[in-house]
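J.: Provided herewith is a single structure, encoded as structure tokens, for subsequent inquiry.
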Amino acid sequence: MDSMATIKFKPEKKVAYDKTPLQLKVSPGVREKIKGISGWQEILRGFLDQMIAANEKLPQIKQD
């Protein structure tokens, strides 16, 4: 038997993902519904990239 651990996740991009995960609390039932969507993690990463790009285009409000 091979003593090496099996690889559970292999990123599709050449740059490795951050080792620290982003976490957030969601309403009851949302977690199960999201996990039922095929490719949900990659879809969510795309949404986050879009949100960051849109935010960078907005004028920044100065906080006093």
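J.: Just to check I understand the Karplus step: with θ = phi - 60° and J = 6.51 cos²θ - 1.76 cosθ + 1.60, what whole-Hz values come out for segment 35-51, glycine and proline as x?
T.: My calculation for segment 35-51 gives 5, x, 8, 5, x, 4, 5, 5, 4, 5, 4, x, 4, 5, 4, 5, 5 Hz in order.
J.: Now, a different point. Across the Cα atoms of segment 22-64, what radius of gyration and what greatest pairwise Cα-Cα distance (Dmax) are found, in Å?
T.: 14.5, 44
J.: Could you state how much accessible area Glu32 has, in square angstrom rounded to the nearest 10, with a 1.4 Å probe and all protein chains kept in place?
T.: 120
The values are calculated or read from the model by the stated rules, or taken from the named source; none is laboratory data. Note that the structure is a prediction, hence the values are computed from the model and not measured. Ligands, DNA and RNA are stripped out before the accessible areas are found, and what is left, the full protein with its side chains, is counted by its heavy atoms. Shrake-Rupley method; radii C 1.70, N 1.55, O 1.52, S 1.80 Å.
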